[in-house]
Amino acid sequence: MAPAIELRGVTKRFLTPHGGIYTAIRELSLEVAAGEFCALVGPTGSGKSTTLALISGLEPPSEGEVEVFGKPVHGVGSNIGYVFQADAVFPWKSVLDNVAAGPRYRGASGREARERAQDWIKRVGLAGFEDRYPHQLSGGMRKRVALAQTLINSPEVLLMDEPFSALDVQTRSLMENELLELWAASSATVVFVTHDLEEAIALADRVFVLTAGPATVKGNYKVDLPRPRNVSEIRFQPRFAEIYEEIWSDLRDEVLVSYERQKRSGAA
């Protein structure tokens, strides 16, 4: 069966403000199976967000090939959903109008869009908050709006860029479990970027470790923990600790390389 997402020998370069060239990713190759929940981990500046941008079509590769469901990526596809680290909700719209925005943009009638939005608002636990505005919500509630806003469009591929990093520990754990429940009810293929190795293992079927930039894949680890999972409880399983130790041995070296580079850059 063909992979849902495939990157083959991908390199991505950017022009710097001073006219130089910065290589974020070099000869990166990875595959994600249809319906798989995959996590990307790596040190700061290791090209994780750039990888998502390439898959989404927000950025073209400088070299190599990016395919989604066997088709080359040229621009942003309608079958891709993206949840960003920062809140990407419309501050001037209510919860209901925020969630209904996607269906309305795709041609649904106002009535149909609102009905579908009501359903998704219930699914993410925000029933009763339909008329609230983003500034009236907590960080966790805004993230629930962002999830509903994305999932209402039934994306075949869901890209998530550190979506829960700004939340407190308790809210983060609740949102992680909420995400797993929503994903289990769908057939979406997920690529989840995080700096938190524990979060990656608790959520994912597979974890890719990226090297310090220019990024390439250093390790590819299958997470053979049973589902369904409770992210708070799964961390206490002996197998979780074994997987963590195995991946951390790879990741630690890259974090140290990145740290030493930052020290030298600061000294300069």
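Read-outs throughout are calculated quantities, based only on the coordinates presented, and are distinct from any laboratory measurement. Given the structure is predicted, the values throughout are model-derived calculations rather than measurements. Cβ: placed from backbone, ideal geometry, glycine included. Neighbour counts: every protein chain shown.
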Scoring only Lys, Arg, Asp and Glu (+1, +1, -1, -1) among other residues with Cβ under 13 Å from the Cβ of G139 yields +2
Amide H contacts under 5 Å for I5, restricted to residues at least 5 apart in sequence or on another chain and with H modeled in the peptide plane, are V32, F69
Angle between the Cα long axis of helix 238-267 and the longest principal axis of the chain, 0 to 90 degrees, nearest 10?
70
Within 10 Å, count the other beta carbons around each residue, average over each peptide in 207-217, 62-72, and list them highest first.
207-217, 62-72
Return the Rg/Rh value of the chain, two decimal places, where both radii are evaluated on C-alpha atoms and Rh is the Kirkwood radius.
0.98
Nearest 500 deg cm²/dmol is fine: what mean residue ellipticity at 222 nm does the chain get from its DSSP H runs of n ≥ 4 alone, each adding -39,500 (n - 2.57), divided by its residue count?
-12500 deg cm²/dmol
By how many nm would the segment from E181 to K122 lengthen if fully extended, with 0.36 nm per residue of separation less the alpha-carbon distance?
19.9 nm
For S29 paired with D253, estimate the spin-label separation in nm (one decimal), with each label point 7 Å from Cα along the Cα-to-Cβ line.
2.0
Treating the angle as unsigned and between 0 and 90°, give the value, to the nearest 10°, between the Cα long axis of helix 95-105 and the longest Cα principal axis of the chain.
80
Could you calculate the FRET efficiency of E233 with T171 from 1/(1 + (r/R0)^6), where r is the beta carbon distance between them and R0 is 25 Å, rounded to 0.05?
0.90
Stokes-Einstein diffusion coefficient for the range 64-167 at 4 °C in a medium of 1.567 mPa s, Rh from the Kirkwood formula over Cα pairs: what value in µm²/s?
90
So how much slack lies between R106 and E242, counting 0.36 nm per residue of separation and subtracting their Cα-Cα distance, in nm?
44.4 nm
